[in-house]
1. So what's the back-of-envelope 222 nm ellipticity for the chain, counting only DSSP H runs of four-plus at -39500 (n - 2.57) apiece and dividing by all residues, rounded to 500?
2. Amide H neighbours of L314 under 5 Å, counting only residues 5+ apart in sequence or on other chains, H built in-plane at 1.01 Å?
3. Determine how many Å³ per residue the convex hull of the Cα atoms of segment 190-288 encloses.
4. When the dipole is taken about the Cα centre of the chain, and only Lys, Arg (+1) and Asp, Glu (-1) are charged at their Cβ, what size is it in debye, to the nearest 20?
5. Tally Lys/Arg at +1 and Asp/Glu at -1 over every other residue whose Cβ is under 15 Å from the Cβ of D330; what's the total?
6. For segment 229-424, what is the charge dipole size about the Cα centre, in debye to the nearest 20, if Lys and Arg each add +1 at the Cβ and Asp and Glu each add -1 at the Cβ?
7. Give me the compactness ratio for segment 484-574, meaning the Cα radius of gyration over 2.2 N^0.38 Å.
8. Could you sort the peptides 88-96, 381-389, 394-402 by per-residue average Cβ neighbour count (10 Å cutoff), highest mean leading?
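Each reported figure results from applying straightforward, stated rules to the coordinates on display, with no laboratory input. Every value quoted in this text rests on a predicted model; they were computed, and no experiment measured them. Here Cβ is always computed from backbone atoms with ideal geometry, including for glycine, and neighbour counts include all displayed protein chains.
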Amino acid sequence: MRYSELVEVCEEIEATTKRLEMTDSLVKLFKKTPAELIDKVIYLIQGKIYPDFVGIKLGIAEKLAIKAISQAYGVDKNEVLRDFKRLGDLGTVAKELAAKRTQAVLASAPLTVERVHETLDEIARASGARSQEAKIGLLAGLLADATPKEAKFIVRTVTGKMRLGIADMTILDALAIAYTGEKENRKHIERAYNTSSDLGDVAKTLATSGLEGIKNYKIRVGRPIRMMLAQRLASADEILNKLGGEAACEWKYDGERIQIHKKGKEVILFSRRLENITEQYPDVCATVREHVQCNEAIIEGECVAVHPDTGELLPFQELMHRRRKYGVEDAAKKFPVSLFLFDVLYIDGEDLTQQEYIVRRKKLEEIVRCDERIRLTEMLRTSDLSEVERFFEHAIEAGCEGLILKALNGVYQAGARGWLWIKLKRSYQSKMVEPIDVVVVGAFHGRGRRSGSYGALLAAVYDKENDVFTTISKVGSGFKDEDLENLPKMLSPYEIEHVHPRVKSEIEADVWFTPSVVMEIIGDELTLSPVHTTAFGKIREGAGIAVRFPRFTGRWRFDKSPEDATTVEEIVEMYKSQLKKVE
């Protein structure tokens, strides 16, 4: 399959912000894609060569890409750099230089999807003393044979800046239409995706085995299941009523959520964002090998920092000392952790995700041999409101964030934020006492002491119903000098020229970003706003909800994806709870 066919669709998608038009373009592409190549086409459309959990990254920084472009088109690196500063996009630089070259490419066959993917794979796997030169040479060779449009998207792919704004759900819609003729069949395809986190493999299964193959899609150890998320309500009474009068109450620990995959002696750990973090926690892997008594399992738990002398639970920030590539074993001794397990999704060939919570909990108890480093979450099954409230106070006293209340008969809703799990944290009063997680979508240039950095960030929450991000606040307080100095560098990989297609904003930022970085903020209260788009029109016509006097708590949530941020639904519930407290 010619790579140019994929590139033409990328051009169409880049030219629109309308999801239906994006879907139509993808359907057209998928229908002409050979079944054996659909996985590679899916990955390349996403700007990658494998699903994220595989952990194989292209590793081409802008500096290396500039050298490759220079080599491919026979121009000085400084000229490439000047063009980059002028255009702000290396892909467009490559496109212009490819169009200008005077020497015809002799005997070069058209680029194919196979060749592009294979070469990018070689680039990603190049290692050793001369790996940088190898990467540059491979990329330059690919660019030399590319048309201008192909060069643009090859460079954008290797630098991780595709700028297409395609959400996973859009791809799922397109797959359903292209291969089944019915968008309604997305639910079956989405279920397969939620249990594998691999859009390429799901697409290939659909293309080769049809809808029946998708309905029989199996969980496999080593492929992370997209994590189930909890809703949030303000009081134990509300939550019990929502769950039918009785619930399993579990302590909500202040740690890092981990999905554990065990097969024999092999243990793989995935973060909430489904990144492979196995190397960061060799002590956790050893504990799982020793204490999880079955051959194969997929288990979820919370990894919590503990005081090395007292065993006291420590705050989430202490875990950040474990986020490192070097000195891991020393860090494990200096900053030990305990594992609190709360769910099991798979044991020795049996998919448990459709089993009731109480069944899964019992099976988890059967396979885990507990000690001080690995145990099950504290849990209370009750219908008594006063018991829930006492249990909540115990959790807070022990250093937890609160409780998660779970429906006793609830299945595991992979990839969903449903009402089978509901968070109960510290009570909402007339003031906003609970932080929220927001996504950075824009920034405003600083003045005075903040000149050269950003004076404020434009923050948004996730609108799951419409799969977009809606603005809720401009955040300029709470940043340390170090934070302000690092902001431009930290956010530069996500900078784009215009508002992202998935961002709904009535405010014009100085700089726009692809929704990627999650931060924690708190404010005085939630209030109605005529300029912010969160829950616009849901409380009062012509108004959305905003955070009044917001401030950064100092906590970057790199463990969360943008879709894990606080949702519009949660914001509406928090706002209504505030009103009740005031009344």
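1. Values: 19 runs with 219 residues, N = 583.
Helices in the chain give a 222 nm mean residue ellipticity of -11500 deg cm²/dmol.
2. Placed amide hydrogens put A305, V306, H307 under 5 Å from L314.
3. On the way: hull volume 15.9 nm³, N = 99.
Expressed per residue, the convex hull around the Cα atoms of segment 190-288 is 160 Å³.
4. Working: 87 positive and 91 negative charges, 249 e Å.
It works out to roughly 1200 debye.
5. +3
6. 620 debye
7. Working: Rg = 14.0 Å, N = 91, 2.2 N^0.38 = 12.2 Å.
Rounded to two decimals, the normalised Rg is 1.15.
8. Details: 88-96: 21.3, 381-389: 14.2, 394-402: 16.8.
Top of the packing list down: 88-96, 394-402, 381-389.
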